Amino acid sequence: MSSIGTTDRNPAAKAAAGAGGGPEIRREEIGIGMIGYAFMGMAHSQGWRNARSFFDPALTPRLTALGGRDREAAADMARRFDWQAVETDWRALIARDDVGLVDICTPGDTHAEIAIAALEAGKHVLCEKPLANTVAEAEAMAEAAARARARGVRSMVGFTYRRVPAIVLARRLVAEGRLGRLRHVRAQYLQDWLNDPAIPMSWRLERERAGSGALGDIGAHIVDLTQYLTGEPLTGVSALTETFVGERPLADGSGTGRVTVDDAAVFLGRFGSGALATYEATRFATGRKNAIRIELNGSEGSLAFDFEDMNVLHYYDGRAGGRDGDTGDGGSDTRGFTRVLVTEPDHPYLAPWWPPGHLLGYEHGFTHQGVDLLSAIAEGRDPEPSFEEGLQVQRVLQAVESSAGNGSTWTPVPPPAAAAAGQQQQQQQQQQQGQQAQQKEEVAS
């Protein structure tokens, strides 16, 4: 069986065609092989199912094979989400001829090996965030992605919150200049699921498997979101990290284990434009379940978003009565933030879903992510965020850890490869101009 074939998109249309009612409607199909079946595996499975149910991507995802070491657990997951087969070895899953896209939903210490192997085998790759556990691993993955891209093989990292409609709308407003010159960026990711010291150890609390704690698990999301919203990378950070509970009971009750990652991270940052940024990522914010709070302040306006009210974007237009003494069109007695309910059909991603006012939830971002990747593959273009963007987030995380380990010293973040190449070219041009000027002076003298 080929990894890309055709599928009947509309059975009713097929029946009508068979009765002389018109041409048969068919779509190309691509086999998905997903590795990992826990929390993220469920979210991705639901995303793939809804991608083919609510949207009309040029490639229709077929849930071909689910990979997991525990056959019984993987088989139960496959039954509930309609996966066609189960593999207990990820290498066997990649080797299947009927798998054209590999979806990696495993702990971070496995990302690099699996992703590189899949790309070298000619399979498109979706990899959960953070891209890797180290910058070195992320660099190797980005290099493998670049080699694969030359052969038409696509890759994407799963920063799913980019696909929240209100976030995409916010990005659009920033890109249109509606906020003017950005001055402040504030970002928080607040959870409380580790607040109880009796919560047992898990792989997320082991540095060798997770890479870092709250910083990589949830902090990576707000680093990516702010760089996505502003359209520019962070250039440096000053950070603090803390582990509040250093030892936890083992899940099997046999004793305790040492927590080797951070429980919380806070840091300051600066963007290339000069905008100042503050970040907080913690799994100890008592009462906060999944609060992702982003606020941008510019010279002409502001935006505010909270994922616990994810269908709403707050926008302040400083040009319409926002300045003291300037009432604009609305009058000074009503100026303030506008609450935008992002559920209209002309808002990003909303048209295939429900009527206005019928809210979306956490799971829908995974559907949008899948649709975007399928569309990019079908159209022969590179999806976003790329492995290179995932690498840039990893560089920020490394800078945060380095700063926190060195007395919160200001730590530069290496620029993205494209920016670095541009800077190098600019430096070379300046050197050439300087040499030419010096030669002219010598000739004149």
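The values are calculated or read from the model by the stated rules, or taken from the named source; none is laboratory data. Here the structure is a predicted model, which is why all the values come from computation and not from measurement. Positions of Cβ are backbone-derived with ideal geometry, glycine not excepted, and every protein chain shown enters the neighbour counts. To get the accessible areas, we keep the full protein, side chains included, count just its heavy atoms, and leave off ligands, DNA and RNA. Shrake-Rupley method; radii C 1.70, N 1.55, O 1.52, S 1.80 Å.
General observations
- Matching entry among A17, A51, A13, A38 (being open to solvent by less than 30 Å² (accessible area, probe 1.4 Å) and at pLDDT 90 or above): A51
- Test for I199: is it in a helix (DSSP H, G or I) and either β-branched (V, I, T) or over 19 Å from the mean Cα position of the chain (by Cα) (or both): no
- One residue from E113, E120 being more than 17 Å from G67 (Cβ to Cβ) and open to solvent by 10 Å² or more (accessible area, probe 1.4 Å): E120
- Answer residue from region 280-316, given it is hydroxyl-bearing (S, T, Y) and out of contact with any helix residue (DSSP H, G or I) (no Cβ under 6 Å at 6 or more places or on another chain) and is nearest to T241 (Cα to Cα) among those: T286
- The residues of region 373-390 that are part of a helix (DSSP H, G or I), surrounded by fewer than 19 Cβ atoms within 10 Å (Cβ to Cβ) and of a type in the set (D, E, K, R) amount to a single one, E379.
- Region 183-200: number of residues that are open to solvent by less than 20 Å² (accessible area, probe 1.4 Å) and under 25 Å from G274 (Cβ atoms): 3
- Looking at region 210-259, the strands (runs of 3 or more DSSP E) lying wholly inside it that each contain 3 or more residues that are crowded, with 21+ Cβ neighbours inside 10 Å and modelled with pLDDT of 95 or more sit at 234-242.
- Hits in region 172-182 (condition: open to solvent by less than 80 Å² (accessible area, probe 1.4 Å) and either charged (D, E, K, R) or outside any helix (DSSP H, G or I) (or both)): G177, R178, L179, G180, L182
- Residue that is surrounded by the most Cβ atoms within 10 Å (Cβ to Cβ), among those in region 54-77 that are of a type in the set (A, V, I, L, M, F, W, C) and more than 16 Å from G31 (Cβ to Cβ): A74
- In region 126-140, the residues that are open to solvent by 30 Å² or more (accessible area, probe 1.4 Å) and not acidic (D, E): T134, A136, A140
- Residues in region 141-152 that are surrounded by fewer than 21 Cβ atoms within 10 Å (Cβ to Cβ), over 25 Å from L225 (Cβ atoms) and not charged (D, E, K, R): A150, G152.
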